[in-house]
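Here is the structure we will look at.
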Amino acid sequence: MKKRLTMEELERRRAEIDAAPAVRLTPEEADSLAEAEAVNDGTSVSLEEFRQGLEEYSGRLVLRIPRSLHRELKKAAEIEGVSLNQYMLYKLAK
């Protein structure tokens with residue numbers, strides 16, 4: 001079972017992340033990244049185009065499932081220490 005983190009532990013971990021030095025790319029990595037970014041295969045869109053493409057979707061989905069499955073999902077979410085919504089998003093994204 002996953003341990004629930006206290007606020008102090010979360011704050012300590014955030015401070016560690018914030019204090020970590022920024023990752024620097026090697027010259028080879030920077031060149032490779034620049035080369036990849038320069039390739040336009042037609043799949044790249046601007047942030048504004050991306051947002052416009054999502055306007056017709058609310059992010060809300062109502063789904064009826066058997067009660068037994070609902071119970072199993074709820075129990076699994078509790079074991080993981082997350083909400084049912086977060087757990088289902090995780091499972092759907094896999």
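The values are calculated or read from the model by the stated rules, or taken from the named source; none is laboratory data. Since the structure is predicted, the reported quantities are computational estimates derived from the model, not experimental observations. Here the Cβ positions follow ideal geometry from the backbone for every residue, glycine too, while neighbour counts run over all protein chains shown. Surface areas here come from the heavy atoms of the whole protein model, side chains and all, with no ligands, DNA or RNA. Shrake-Rupley method; radii C 1.70, N 1.55, O 1.52, S 1.80 Å.
Odds and ends about this structure:
- Among the trypsin sites (Lys or Arg not before Pro) in region 1-43, those placed in a DSSP loop whose Cβ has at most 16 other Cβ atoms within 10 Å are Lys2, Lys3, Arg4, Arg24.
- Among the lysines of the chain, pairs that are 8 or more positions apart or on different chains and have alpha carbons within less than 16 Å of each other number 5.
- Average silhouette area of region 45-94, convex hull of alpha-carbon atoms, in square nanometres: 4.9 nm²
- Net charge of Cβ neighbours under 14 Å - reference His70; Lys, Arg +1; Asp, Glu -1: +4
- When P(r) over Cα pairs in 10 Å bins from 0, in percent is calculated for this entry, the matching label among [x] 11, 20, 24, 31, 13, 1; [y] 11, 21, 25, 18, 13, 7, 4, 1; [z] 17, 54, 25, 4 is [x].
- Annotation for region 18-94: GluC sites (Glu not before Pro) lying in DSSP loop with at most 10 further Cβ atoms inside 10 Å of their Cβ are Glu55, Glu56.
- Options Ala19, Ser46, Ala36, ranked by Cα towards positive dipole end of region 1-65, top entry (Cβ charges): Ala19
- Whole-number accessible area per residue in Å² for the chain, which is evaluated in the context of all protein chains at 1.4 Å: 99 Å²
- Among the protein heavy atoms of the chain, carbon and sulfur supply 55% of the accessible surface, probe 1.4 Å, non-protein parts ignored.
- Integer Hz, Karplus 6.51/-1.76/1.60 couplings in order for region 46-58, x for Gly and Pro: 6, 4, 5, 5, 4, 4, 4, x, 9, 4, 7, 10, 8
- For region 1-69 and region 76-94, distance of Cα centres in Å: 18 Å
- In region 42-94, chymotrypsin sites (Phe, Trp or Tyr not before Pro) in a DSSP loop with at most 13 other beta-carbon atoms within 10 Å: Tyr57
- Each Lys and Arg adds +1 at its Cβ and each Asp and Glu adds -1 at its Cβ; summed about the Cα centre, the chain shows a dipole of about 1280 debye.
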